[in-house]
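Derivation of every value follows stated rules applied to the coordinates shown; laboratory data play no part. These numbers were taken from a predicted model, which means no experiment stands behind them. Glycine gets a Cβ as well: all are built from the backbone with ideal geometry, and neighbour counts include every protein chain shown.
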Amino acid sequence: MKKTFPIIIAFAIIFLFFIQAAGTLVESIYILDLMNTNLDAKVLGVLFFFTPILLIPFYKRFPRQLAWITFAVLLLSRGMLPYLNTANRVLASGFGTGAALSLFFLLLTAKPRGETHFQTGLWGSAGLGLAVSLSILLRTLDYGLDYSLTPLGGWAGWAFGLSLGWLLAHLDLGSESAAEKKAAGLTPAIVGLFLVLTLVWFAFSAPAVIARWTEGNYTLIVITISLFAAGWVLLSLIRPQLFELVGPRLLLVWNLAFTLCLTGTILAHGVPFPPTTDSAAVVVGAPVLWQALPLLFMLLLFPVIFLDMRLFLNQIQQAAPAPSDLLPGILLGSVALILLIFTHIFTNVWGYVKPISLPFRGKFWLTYLSLTGIITLLTWGVKKVQPGSEKGSGGKLHWAWGILLGVIFLGTLVPLLPAKHIQIDATDRSSLVVMTFNIQEANDGYAEKSFDRQLPLIRSVSPDILSLQETDSTRISLNNNDYVRYYAEKLGYYSYYGPTTVTGTYGTSILSKYPLLNTRTVFTYSDKDEIGTAEAEIEVSGRRFTIYDVHPDGSDTAMLVFAKALLERSKDKPYVIALGDYNLRDYEEAYQLINSVYTNAWTSVYPSKISADGVDMSGENRIDHIFISHTLGVRNPVYVLPPASATDHAVHWTEIYWGNP
């Protein structure tokens with residue numbers, strides 16, 4: 001199997017680059033539109049997904065030249081991504097997405113030098129498994145972010161790109177297919193290929209996505225997906241003939257079971273949001289056993305996507321298509337991919353793109369049911385590769401494959417080992433520093449990534465309790481980045497993510513130097529964004545503090561319902577810290593209701609709302625507040641305004657104390 005090295009790894013890098021470039025493209029468009037919370041011309045960047053159609057006229061006449069041109073575009077665009085601002089990332093990632101897709105279709109007629117048979121399904125599906133393993137490795141190395149997409153790890157993108165060039169030099173590009181007759185089903189196979197890639201991009205290339213759907217064990221989820229992906233590569237190399245044992249009926253049942261379990265995993269964590277202003281708040285605690293069962297079965301069944309990819313690629317190989325024959329499949333596949341992107345995003349921004357987005361409220365499951373359901377139908381209608389077409393493949397595993405896969409898995413496993421939390425004495429404290437920070441998905445007010453500026457700011461304050469808002473970034477609109485995990489691991493804090501991403505909130509998360517107890521999320525009536533308040537408790541010096549991380553939004557009615565629920569839930573608590581982005585000003589009824597029960601940290605020290613050093617928070621912009629029980633005291637409240645806050649909000653912290661000041 002030594003000959004298969006170049007083409008399998010080439011497929012893997014192309015798949016990896018597609019996932020990274022497509023994710024960055026959607027993320028960059030979303031970040032720019034996040035500034036004005038509506039869609040504009042920047043959304044046309046998704047047209048880059050149609051790039052292969054523009055190049056089809058050149059596929060047959062200049063396959064080798066086109067392969068090297070698209071490689072050069074892919075290398076440069078992907079290599080520069082970590083160093084560009086958001087607007088330029090739209091262009092670079094768009095060109096990278098188009099180049100990756102185009103190069104992939106060109107590679108369908110390539111084979112290793114000296115190889116006499118085409119085994120496109122075998123090579124491509126093994127490459128997809130390797131791409132998943134590599135993507136998981138890169139995201140695990142940097143605690144939820146793709147290391148190669150950060151400025152510090154940008155060298156890795158160049159290394160992968162240059163390796164791809166070396167691999168392409170060892171392939172026969174533009175080889176003629178050995179198939180003797182045309183086969184039906186080409187367009188469904190190409191559409192299926194697009195959908196499998198979409199599913200991998202949306203979820204399995206970044207297992208933190210699934211962990212944030214479910215509050216599941218991140219370590220076990222990562223290990224399971226990484227092991228199964230690597231296992232598929234090994235199986236493809238050693239026993240590829242096992243594919244023949246999976247007949248059409250078994251494959252159909254497998255896909256159906258996977259579809260049901262994936263959809264069930266999401267539905268099990270859905271929330272019946274309060275439908276009216278009079279409805280009781282909905283409290284969501286830690287998941288129970290029955291909610292974990294669909295997740296378990298889904299993880300065990302997910303390797304079927306590699307088998308599906310193999311089936312679709314084999315069908316394309318058998319069809320021996322002329323370049324023009326690819327056109328309908330690429331067109332339909334690209335349209336389906338774009339529709340699924342919007343379907344996914346609209347479940348989160350249902351209150352902002354009316355009336356289009358309203359039907360998608362609470363329909364997070366719809367994207368994944370559509371994806372896996374259509375894949376199931378397509379595999380049912382696509383014929384298997386003719387028996388014997390992979391004769392002679394397989395056998396003894398080359399030692400280099402064992403080393404490569406072993407290094408990838410160990411590199412993934414080491415960062416998953418239990419992290420050391422910051423050590424602090426909780427028995428003899430008389431004060432705490434608490435901080436609220438709307439990180440705007442780790443972007444500043446100019447729509448530029450700012451996690452590398454927000455983290456040092458947090459470190460300089462070293463809060464005991466850190467309340468974060470707009471942290472629901474572990475979804476495709478923010479390239480599946482898990483900034484809560486990143487900050488928590490870098491700081492050594494305990495963390496509670498709060499409302500899961502399937503609920504469609506903008507994320508309230510709590511980080512703490514002290515273990516977080518009795519974590520739960522409370523949902524109140526909403527008419528614009530889902531209002532999910534994260535709650536937790538900590539024990540310090542024999543006192544039980546209850547923390548509320550809030551981020552309400554919507555009509556005055558919804559805000560008042562939220563305020564009443566907050567007061568009702570906290571009324572019997574002796575030490576309350578309720579902080580966050582309230583989206584409320586002093587003159588609003590909901591603010592005044594909360595202020596009548598609890599102490600506002602800033603105004604209790606500065607009644608004029610202007611600090612001793614001249615920070616003026618008397619205007620409209622003070623919507624981030626810290627409220628505490630009257631049993632607690634306040635000293636040294638601070639606001640840091642944009643742009644110094646590295647977000648579009650003022651970051652706010654203070655010291656609270658008990659006993660004698």
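I want the local charge near ALA211. Using Cβ-Cβ distances under 12 Å, sum +1 for each Lys or Arg and -1 for each Asp or Glu among the other residues. Summing Lys/Arg as +1 and Asp/Glu as -1 gives +1. Remark: relative contact order (the chain) = 15 percent; criterion is Cα-Cα distance under 8 angstrom and separation of 6 or more residues. A simple charge model with +1 on the Cβ of Lys and Arg, -1 on the Cβ of Asp and Glu and nothing else charged puts the dipole of the chain at about 2500 debye relative to its Cα centre. Measuring against 18 Å, Cα to Cα, the residue pairs LYS513/LYS564; LYS363/LYS528; LYS354/LYS449 contain LYS513/LYS564; LYS354/LYS449 as the ones spanning a longer distance.
Where [x] 1.05; [y] 1.01; [z] 1.17 are the candidate values, the label of the one calculated here for Rg/Rh (Cα atoms, Kirkwood Rh) is [y].
The phi torsions of the stretch 319-333, fed into the Karplus equation with coefficients 6.51, -1.76 and 1.60 and a -60° offset, translate into couplings of 5, 6, x, 6, x, 5, 5, 6, 4, x, x, 5, 5, 5, x Hz, rounded to whole numbers, with Gly and Pro shown as x. What FRET efficiency do you get for LYS363 and LEU517 if R0 is 35 Å and r is their Cβ-Cβ distance, rounded to the nearest 0.05? About 0.55, to the nearest 0.05. Calculated mean residue ellipticity, 222 nm, the chain: -15500 deg cm²/dmol, from DSSP H runs (n ≥ 4) at -39500 (n - 2.57) each, averaged per residue and rounded to 500. A straight Cα-to-Cα reach below 15 Å connects LYS573 with the aspartates and glutamates GLU535, GLU537, GLU539, residues fewer than 8 places away in its own chain not being considered. Given +1 at the Cβ of Lys and Arg, -1 at the Cβ of Asp and Glu and no other charges, the dipole of the stretch 431-657 around its Cα centre is 700 debye to the nearest 20.
A protection proxy built from the mean count of other Cβ atoms within 10 Å ranks the segments 352-358, 438-444, most packed first, as 438-444, 352-358. With a ≥ b ≥ c taken as the square roots of the eigenvalues of the C-alpha gyration tensor of the stretch 243-394, please select rounded if a/c is under 1.5 and otherwise prolate if a/b is larger than b/c or oblate if it is not? Here the stretch 243-394 falls in the oblate category. Could you tell me what percent of the DSSP beta bridges with both partners in the stretch 431-657 are antiparallel, to the nearest 5? So the antiparallel bridges in the stretch 431-657 amount to around 80 percent. Amide H contacts for TYR575 (H built 1.01 Å from N in the peptide plane; partners 5 or more residues away or on another chain; cut-off under 5 Å): THR546.
Projecting the Cα atoms of LEU432, ALA488, ILE458 onto the dipole axis of the stretch 431-657, where Lys and Arg carry +1 and Asp and Glu carry -1 at the beta carbon, places LEU432 farthest toward the positive end. If you take all other residues with their beta carbon under 13 Å from the beta carbon of THR343, and give Lys and Arg +1 and Asp and Glu -1, the sum is +3.
Taking Cβ atoms as reference points and 10 Å as the exclusive limit, the residues near ASP444 contribute a net charge of 0, counting Lys and Arg as +1 and Asp and Glu as -1. Using C-alpha pairs below 8 Å separated by at least 6 residues, the relative contact order for the stretch 431-657 is 22 percent.
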